[in-house]
Amino acid sequence: MEIPKKMRAARMHEIGGPLVVDEVDVPCPGDDDVLVRVRSCGIVPNLANVQRLFASIFPNLPLPPLPAIFGLDPAGEIVHVGCNVKGLRVGDRVYVNPMRVCDSCTHCVDGNYSSCEYYTFNGYFGFSPKSKEIYERYPSGGFAEYMKAPSYAVVKIPKDMSFDEAARLGYVGTAYAGLRRAKVGPESTVLIDGASGTLGLGGVISALALGAGRVFGVARDRALLREVKAIAPHRIDVWSTHDGSSVDWIREMTGGKGVDVAIECLPLGAPPEQFLACLNSVRRGGVMVNVSGVIVDVPISVADLAIKCVSLVGSTWFEPREAREMTALAGSGLLDLSIFEHKAFGLDQIDDAITNMESRHGGFTNYVIHP
Ligand SMILES: [Zn+2]
């Protein structure tokens, strides 16, 4: 494929401003990079908040340099491979993990990329002031016709996985990695709090893929919860918080013990009470993993954690090895990505797409851009 010099990209020129489609230079990949023709890029429900609010409420979490090309979850075809890159070829269908790191510290060498001081989300935001150095090398995300990416971030996808499905791997993977941290397996009982949302549905299908015997989904919307249960009626039970205490329900469902693992998947703006209900649903010796957007302070009894030997673990995103596991599970049919309904938009419609996400069909809708 001939690579043009110019491409179309949606760019934010000022904080909180609209995304404008501009003609810009195609990125120039380095020797350790690949260049990808982006075919689909997921829109994160939280993107509008990042664009408008992060610069003021999280000044230590840098945004990409202006004019910024966002786009966290891209998938497409490799069109160029740097001379140092092995194992990837032109034409490979890939998911581009947005995780960018230094790739040389002890954590990176050990494959624990999320411990790297330079940890940065390409096309979204960075986790420390050091992210500004990463953005000098990888300034742009997937809302463009082409993007460059380091080879460590690129994951080949199975032939049956569509680019739109691959563009959902980020949210699925966030929950997947959280469940892996808690060592979920066939004997596990798992509570997914916020089960009908974007993160929560990733938790549901990941818990099923990891073999969890019983999955309990808690959320508000009864109609969406019925659809969650329908994914695997014999393994999933659901509860609406409109119908009473989820803690009481979990106790009833587990013979008074509580669940082995709970994963908190609530969105930004969720109240602290529901976080506490999730924590109080964990059995003695169990694990709660927080991957949620809860940003308010939560009054947790640390004495209770000690007395009950309960672990409260924070988790962000996933490692490249977990991305490979997910693509393998999806390839063999164990990770079922067919539950998602894809709504695709062109680059010119990107602001409409971001605004319309509030009317989505819970986490079942997968909003993507086709650049
Ligand atoms: Zn590192």
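The values are calculated or read from the model by the stated rules, or taken from the named source; none is laboratory data. Remember, predicted model here, so these are calculated numbers, not experimental data. In this analysis, Cβ positions are derived from the backbone assuming ideal geometry, glycine residues included, and neighbour counts consider all displayed protein chains.
Summary table below
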item: Scope region 146-189; condition assigned to a helix (DSSP H, G or I), surrounded by fewer than 22 Cβ atoms within 10 Å (Cβ to Cβ) and of a type in the set (Ser, Thr, Tyr); matching residues; result: 151, 152
item: Region 245-298: number of residues that are acidic (Asp, Glu) and either surrounded by fewer than 22 Cβ atoms within 10 Å (Cβ to Cβ) or in the same structural domain as residue 54 (by TED's automatic domain parsing) (or both); result: 4
item: Region 65-106, subset over 24 Å from the mean Cα position of the chain (by Cα) and not in a loop (DSSP other than H, G, I, E, B), residue farthest from the ligand (Cβ to nearest atom); result: 79
item: Enumeration of residues in region 219-257 that are in contact with a Phe, Trp or Tyr (Cβ under 8 Å, 6 or more places away or on another chain), under 28 Å from residue 332 (Cα atoms) and not acidic (Asp, Glu); result: 224, 225, 236, 238
item: Condition met for residue 193 (in contact with a His (Cβ under 6 Å, 6 or more places away or on another chain), in contact (Cβ under 8 Å) with a residue 40 or more places away in the chain and not aliphatic (A, V, I, L, M)); result: no
item: Some residue of region 117-128 being surrounded by fewer than 17 Cβ atoms within 10 Å (Cβ to Cβ), at pLDDT below 95 and either within 17 Å of the chain's Cα centre (by Cα) or within 16 Å of the ligand (Cβ to nearest atom) (or both); result: yes
item: Positions within region 6-52 being outside any strand (DSSP E or B) and of a type in the set (Gly, Ala, Ser), in sequence order; result: 16, 17, 30, 48
item: Any hit, region 112-120, residues being part of a loop (DSSP other than H, G, I, E, B), hydrophobic (A, V, I, L, M, F, W, C) and free of Cβ contacts under 8 Å to residues at least 60 places away in the same chain; result: yes
item: Enumeration of residues in region 238-251 that are closer than 20 Å to residue 310 by Cβ and out of contact with any strand residue (DSSP E or B) (no Cβ under 8 Å at 6 or more places or on another chain); result: 245, 247, 248, 251
item: Residues located in region 21-45, provided they are in contact with a helix residue (DSSP H, G or I) (Cβ under 9 Å, 6 or more places away or on another chain) and either over 26 Å from residue 82 (Cα atoms) or of a type in the set (Phe, Trp, Tyr) (or both); result: 21, 43, 44, 45
item: Per-region count, region 35-54, residues without any contact (Cβ under 8 Å) to a residue 40 or more places away in the chain and among the charged types (D, E, K, R); result: 1
item: All positions within region 14-71 that are surrounded by fewer than 17 Cβ atoms within 10 Å (Cβ to Cβ), closer than 19 Å to residue 149 by Cβ and acidic (Asp, Glu); result: 25, 31, 32
